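See below for the structure under consideration.
Since every read-out is calculated from the coordinates, none of them should be taken as a lab result. This structure is a prediction, so every number in the text was calculated from the model and none was measured. FYI the Cβ positions are ideal-geometry reconstructions off the backbone, even for glycines, and counts take in every protein chain you see.
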Amino acid sequence: MLAVAESKELPVREAKAGDPEAWSRLFQRYQLPLYSYVFELVRDEQASLDIVQETFINAVRHVGGLRDDEKFGSWLFGIAHQKCIQRWRKPPREESIGVEELELVPDDEPGPCDWLVSKEQEEQFMNRLNQLPPPQRSVLLLHFVEDFSLEEIAGVIGTAIGTVKSRLHYAKRSLRKIIEKART
Amino acid sequence: MSKTPRDILFERHRHVEGRLDAIRERVLGEELTAAAVRGTRDAIRMHLPVRIWKELFWSCRRVWAGLSAAWLVIIAVNFQSLEEPPAAQGGKDNASPVFWTFLLEQKQLLAELGDVAPAEPPPQPVPAPRPRSDRREFNRVRC
């Protein structure tokens, strides 16, 4: 749980007080994960850099509205996610998940560190990731990049926890097939 | 060697780190300066009377103290000169004893007159309006 351990040491309070050094540390910590997440959603380098910049600007301007300092990471990703949706013009259509489907989703899924992709599988893995529908890709990226909890992911993308759980399950199943196929 | 998805993603995007650093520097430079300016503006608005006092009066308090002292002296001198009788001003009184005797007589005469209360002058009769015929004649004469 790298994100949780780090977020406790992050100087969010100092940043709220307007300390430039604290802001620099925060942005340094999140700039690459944020860019990776945005790029894998919008698939355009310049647009992704613009979104990261707009996210940073919004963060500086509205940090006063952040209630829980420990949720700085998911709050920042939430801003970026909203910017991505604005880029797409039309928000991605919410998939309706049935109760039966949710009941099938197991609780003890492996964490992002349990996923190990070999050098040969990398390209295939990334291709499959990019083929996933944006809602599933978004959830999976947040899980892989920052290891956010289901609750935090739900906060970032603005959906119910059940929906997040289901999307994550199907996205993982889809990717796992590639890894298992390569092993056999 | 196997990697986690996080490592794979970061490796693929590490080439933009230089541009991300530049974005970070720019945003912090511009936004934090703007935030500082906004904060200063708010502080000015909040403590305007205190700031006026400090910058306008307190910073040059010696000058203001000097000016007030000078004005106090001017006012005091002015009041003193008003209270003094004309005779005391500069010892310019060269009047002869004859003048003083005349002044004394005048004073006595005034006191005597003061004993007898002066009769009030009779009220002036309000002039009756002139007949219109007179006025017409007057106008005719004027024409």
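At q = 0.18, 0.25 Å⁻¹, what is the log10 ratio I(q)/I(0) for region A:8-71, with the Debye formula run over Cα points and no solvent?
-0.68, -1.08
Would you tell me the mean number of C-beta atoms belonging to other protein chains that fall within 10 Å of each C-beta in B:9-17, as a whole number?
Counting other chains' Cβ atoms within 10 Å and averaging over B:9-17 gives 6.
Relative to the present Cα-Cα distance, how much length would full extension add between B:SER2 and B:ILE52 at 0.36 nm per residue of separation?
11.2 nm
I need the per residue convex hull volume for region B:6-78, using only the alpha carbons, in cubic angstrom as a whole number.
In region B:6-78, the Cα hull volume divided by residue count equals 119 Å³.
Relative to the present Cα-Cα distance, how much length would full extension add between B:LEU109 and B:ARG62 at 0.36 nm per residue of separation?
Using 0.36 nm per residue and subtracting the Cα-Cα distance, I get 11.1 nm.
I'd like to compare B:67-75, B:13-21, A:146-154: which one has the highest average count of other Cβ atoms within 10 Å, and what's the full order after that?
Averaged packing, sorted descending, gives the order A:146-154, B:13-21, B:67-75.
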